[in-house]
1. Of all residues being without any contact (Cβ under 8 Å) to a residue 60 or more places away in the chain and either closer than 30 Å to B:Val186 by Cα or among the aromatic types (Phe, Trp, Tyr) (or both) in region B:85-106, which is surrounded by the most Cβ atoms within 10 Å (Cβ to Cβ)? Just the residue, please.
2. Filter region B:85-97 down to the residues that are within 7 Å of chain A (Cβ to nearest Cβ) and not small (Gly, Ala, Ser) and list them by number.
3. Hey, can you tell me all the residues within region C:137-159 that are within 28 Å of C:Ser105 (Cα to Cα), more than 17 Å from the chain's Cα centre (by Cα) and of a type outside the set (Gly, Ala, Ser)?
4. Any chance you could count how many residues in region A:115-127 are closer than 27 Å to B:Met1 by Cβ and without any contact (Cβ under 8 Å) to a residue 60 or more places away in the chain?
5. Within the group C:Phe56, C:Phe6, which residue is at pLDDT below 80 and of a type in the set (Phe, Trp, Tyr)?
6. Just checking, which of B:Leu151, B:Leu167 is surrounded by fewer than 24 Cβ atoms within 10 Å (Cβ to Cβ) and facing chain C (nearest Cβ under 8 Å)?
7. So which residues in region B:14-26 are at the interface with chain A (Cβ under 7 Å from one of its Cβ atoms) and hydrophobic (A, V, I, L, M, F, W, C), if there are any at all?
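The values are calculated or read from the model by the stated rules, or taken from the named source; none is laboratory data. These numbers come from a predicted model, not from an experiment. Ideal geometry is used to build each Cβ from the backbone, glycine not excepted, and the neighbour counts take in all protein chains shown.
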Amino acid sequence: MLFTGIGFQLKAGEWLHVRGENGVGKTSLLRLLAGLSKPPEGSVDWSGISIEADPTSYRRELFFLGHRDALKDDLTALENVLIASALDGSAVSQDQALSALCRFGLRGRELLPVSCLSAGQKRRVILARLLLRKATLWILDEPFNALDSRAVELLSSLIAEHLASGGMAVLTSHQAIPLPNAKVLSL
Amino acid sequence: MSAFFAIIRRDLLLVFRRKSEVLTILFFFIIVTSLFPLGIGADSGLLRKIAPGIIWVAALLATILGLSRLFISDYADGTLEQMTLSPTPLVLLVGGKITAHWIVCGLPLVLLAPVIGIQFDLNSETLGTLILALLLGTPILSLIGAIGAALTLGVRGGGVLLSLLVLPLYIPVLIFGAGAVFASSVGLDVSGHFSLLAALLVLSLAFAPWATAASIRIAIE
Amino acid sequence: MNWFSFSSPATFYPLAGKLIPLFWVLATLLGVAGLWISFFVAPADAVQGQGYRIIFVHVPASWMSMFIYMVMAAWAAIGLIFNTRLSAMMAQALAPTGALMAFLSLWTGAFWGKPMWGAWWVWDARLTSELILLFLFLGFIALQASIDDVRRADKAGAILALVGVVNVPIIYFSVKWWNTLHQGSSVSMTKAPAMAHTMLWGMLLMALCFWMYSIAIALMRVRVIILERESHSDWVKNLKALQS
């Protein structure tokens, strides 16, 4: 048993910073919140309804990012973004995908297979996905890992924009995250 | 629905970029069927009699070889996890992946089979039955096999364990499929065999994607 | 009595402990009665002589192997739907006994077949289906053994057992069908001699004996599984402290 007695509420525009040492269960908690695993006791509610009762609506509003990149190495950055959005049922146009990739500094690299990109560049592809997905709740596990300082800035401003327009986020991070309206949960 | 076609396109695109994985499976099919005459002898009467069984068993084994690649790469790079979190029903995405798997691993077996049938000196009517039986049977193999692939995702001894789990479940398909070809080769009626194969196909279409999706969620948990 | 209080491993453990001797006693009594009827009361068969008596083990073992598979699948389904740990442990406890019954059926089948038809193995419908059932049991056991995470092993095994349960009738039907297609001779285990009353009684008593035995062994096994899984909990630590 990793943890017990955890409860919190998150409203629009707020974000939760989950802190704790390695191995204390931050990732497990985030996976619970995303609905990947079920807590033996307790529930996760979205707009007052348990996520188990209506998983599809929850998933429409959720974007989860774990430690892995969720990118196909053999496909190009552009293909990854287009296909991921098609699989989510909200296909985007090629122009939208290209401009998202461009915003995150991948202009000129969109047509390279992802296996040719550096770790930092791969993470930027995911940021492009994040932008295009338009989810309300972002659950991001150590999103600032492997990002260079420029990309850290880009992600921070992206999250700030998201929160300002009524979105919510749950983040774990080793570093301090310079964003306002933080709620903190220490495990 | 568009997500269903999107994932089929994606999987086919991925295979196209790495063709060798699939070609080896087809060569395996050809090699295995060639081993039997070498092991048994070239008596064409005997070969004609055992051909249905051999071709079907080789098809089963080749399918199983291809099954371990069905989910493993998506599982490893995290895209499978994203699929379980997608608003698109996982059953639909799983169905798409199984369809792509059949196009890549099952359909070529159907197309290669007549060539192998000729090696065993089967007449043209029997060859026709063979193609049709494999056409009905290989999707069933992909569907049932997907359950095994999902159950053994990331488990130690995965590939061999997968075979142990899935081969007993393949036996009805083997019996009806090989039975159809054998019946055709001796001039008997094959409609009974085909109705049973069709029934198995409908049954697996109805249940296998659900069981596979449930197994994937268990593996991802 | 609140039956649900027994669905916790901690309360089930002592209950099982009390029940086990009862089932052993029942198994022994039924076994003695069954064997006595099988060997001394049931008449020698007109065609097969004394050697046929092995069916008093072969047939009950077959019945039990099928029955245990159904029960195992039922427990696995309950564990999957209601997320109860004890149900999954019961399924895990039953599997080896089911495999044993299937193996016993095959082994005694061979001993029956050899003197009767001169072959250690015949591809008749029942024996072949029994062989496949043995594979299904072994697959279940192997899958659970290969998965390290206990809860994942439970759920994966449950799905496999349920897929198996749907397939068992299909497999049985297809093997029977295959058998009638290819069978040249009339060798068949299922064509048993016309049953005298006493023979039927003998088989029923032996079947009940195997059933009681299976319950006893399964309860013993589930107690071991409970101890293994709950070894970190207080009540288990108290147990060990008491015993040492």
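1. B:Gly106
2. B:Leu85, B:Pro87, B:Thr88, B:Leu93 - these are the residues of region B:85-97 that are within 7 Å of chain A (Cβ to nearest Cβ) and not small (Gly, Ala, Ser).
3. C:Leu143, C:Gln144, C:Asp154, C:Ile159
4. As a first pass, look at region A:115-127 and keep what is closer than 27 Å to B:Met1 by Cβ: A:125-126.
With without any contact (Cβ under 8 Å) to a residue 60 or more places away in the chain added as a condition, the list becomes A:125.
Adding up the residues that qualify gives 1.
5. Values: C:Phe56 fails: at pLDDT below 80.
Among C:Phe56, C:Phe6, only C:Phe6 is at pLDDT below 80 and of a type in the set (Phe, Trp, Tyr).
6. On inspection, the qualifying residue turns out to be B:Leu167.
7. Here is the first cut: in region B:14-26, the residues at the interface with chain A (Cβ under 7 Å from one of its Cβ atoms) are B:14, B:17-18.
B:Leu14 - this is the single residue of region B:14-26 that is at the interface with chain A (Cβ under 7 Å from one of its Cβ atoms) and hydrophobic (A, V, I, L, M, F, W, C).
Residues checked against (1) within 10 Å of another protein chain (Cβ to nearest Cβ); (2) in contact (Cβ under 8 Å) with a residue 12 or more places away in the chain; (3) crowded, with 24+ Cβ neighbours inside 10 Å; (4) part of a helix (DSSP H, G or I):
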{"position": "B:Asp121", "(1), (2), (3), (4)": "no, yes, no, no"}
{"position": "B:Leu134", "(1), (2), (3), (4)": "no, yes, yes, yes"}
{"position": "B:Leu141", "(1), (2), (3), (4)": "no, yes, yes, yes"}
{"position": "B:Arg156", "(1), (2), (3), (4)": "yes, no, no, no"}
{"position": "B:Val160", "(1), (2), (3), (4)": "yes, no, no, yes"}
{"position": "B:Val173", "(1), (2), (3), (4)": "yes, yes, yes, yes"}
{"position": "B:Gly177", "(1), (2), (3), (4)": "no, yes, yes, yes"}
